[in-house]
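Trainee: Please read through the structure below; I'll follow up with questions.
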Protein chains: 2
Amino acid sequence: MYVILVYDFGEKRVGKMLKLCRRYLNWIQNSVFEGEISEVRLKEMLMLAEKFMDKESDSIIMFKSYYQHEMDKMIIGKERSQLDNFL
Amino acid sequence: MYVILVYDFGEKRVGKMLKLCRRYLNWIQNSVFEGEISEVRLKEMLMLAEKFMDKESDSIIMFKSYYQHEMDKMIIGKERSQLDNFL
């Protein structure tokens, strides 16, 4: 499964979320990650995130697709990611 | 065409980018927008953004898909958008 994940976490928890996401997905810009991940691994990641997130103020938005090639990625301006895994 | 757009702009230009995106797409979280848009309208928007963006430091990442229903959206935590246009 291909996932685009965007989070918005409070200052105190944002570093923890960044670290967690890095273990499961590829960083592309600020609080934006993407990558191939299994349902099981995704559930595991979200379970860990829910342990420290403040649901009253933090948020995670995910876009899931079964076929990565359906999403055409385009970058304008500065390239933030150091990973060379672009489409 | 369905688009997810994420930008990362310097402080001086970020407000301008927010305003521009609001005219073309639906805001969902911080600097994340999505929506149905034609190729022509998207080009128009990007042309306007390129007029004021600093390509050395700002960035725009877009994910384009021809079928919105292929992307399954999931939100955890606080709902930021005031628009009721979720899947």
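Trainee: Hey, got the dipole for the stretch B:2-69? About the Cα centre, +1 on K and R Cβ, -1 on D and E Cβ, debye to the nearest 20?
Mentor: For the stretch B:2-69, the charge dipole is close to 260 debye.
Trainee: Below 28 Å, Cα to Cα, which lysines can residue A:19 reach? Residues fewer than 8 away in the same chain don't count.
Mentor: Straight-line reach from residue A:19, under 28 Å: A:43, A:51, A:55, A:64, A:73, A:78, B:55, B:64, B:73, B:78.
Trainee: Next question, about the same structure. Picking from B:40, B:74, B:4, whose Cα lies most toward the positive end of the charge dipole for chain B (charges on Cβ: Lys, Arg +1; Asp, Glu -1)?
Mentor: B:40
Trainee: In nm, one decimal, shortest first: how far is the label point of residue A:52 (7 Å from Cα along Cα to beta carbon) from the matching points in the other copies?
Mentor: 3.6
Trainee: Right, something else. With θ set to phi - 60°, apply the Karplus curve 6.51 cos²θ - 1.76 cosθ + 1.60 along the stretch A:23-37 and write out the HN-Hα couplings as whole Hz, x wherever there is a Gly or Pro.
Mentor: So the J values, rounded to whole Hz, are 6, 10, 9, 9, 6, 10, 6, 5, 9, 10, 10, 8, x, 7, 8.
Trainee: Now for a separate question. Using only alpha carbon positions, build the gyration tensor of the stretch B:2-69, then give the equivalent ellipsoid semi-axes as the square roots of 5 times its eigenvalues, largest first, whole angstrom.
Mentor: After diagonalising the Cα gyration tensor, the semi-axes are 20, 12, 10 Å.
Trainee: Would you mind telling me which residue in A:35, A:77, A:15 has the biggest mean-square fluctuation in a Gaussian network model of chain A, where springs connect alpha carbons within a distance under 10 angstrom?
Mentor: Sorting by GNM fluctuation, first place goes to A:77.
Trainee: To the nearest 100 Å², how much accessible surface do chains B and A cover up together, summed over both, with a 1.4 Å probe?
Mentor: The buried area between B and A, both sides summed, comes to about 3200 Å².
Trainee: Per residue, what accessible area does chain B have, given a 1.4 Å probe and all protein chains present, in Å²?
Mentor: 54 Å²
Trainee: Using a Förster radius of 25 Å, what is the FRET efficiency between residue B:66 and residue B:11 based on their Cβ-Cβ separation? Nearest 0.05, please.
Mentor: 0.10
Trainee: In nm, what does the list of distances from residue B:40 to its counterparts in the other copies look like, shortest first, when each label sits 7 Å along Cα to Cβ?
Mentor: Computed spacing set for this position: 5.0 nm.
Trainee: Between copies, how close do the residue A:10 label points come, placed 7 Å along Cα→Cβ, listed in nm from shortest?
Mentor: Relative to the other copies, residue A:10 has label-point distances of 3.2 nm.
Trainee: Okay, moving on. With every protein chain left in place, what is the accessible area of residue B:47 in Å² (1.4 Å probe, nearest 10)?
Mentor: Residue B:47 has an accessible surface of roughly 120 Å² with all protein chains in place.
The values are calculated or read from the model by the stated rules, or taken from the named source; none is laboratory data. All values derive from a computational prediction rather than experimental measurement. Every residue, glycine among them, receives a Cβ derived from its backbone with ideal geometry; neighbour counts consider all protein chains shown. Surface accessibility is based on the protein's heavy atoms, side chains included, excluding ligands, DNA and RNA. Shrake-Rupley method; radii C 1.70, N 1.55, O 1.52, S 1.80 Å.
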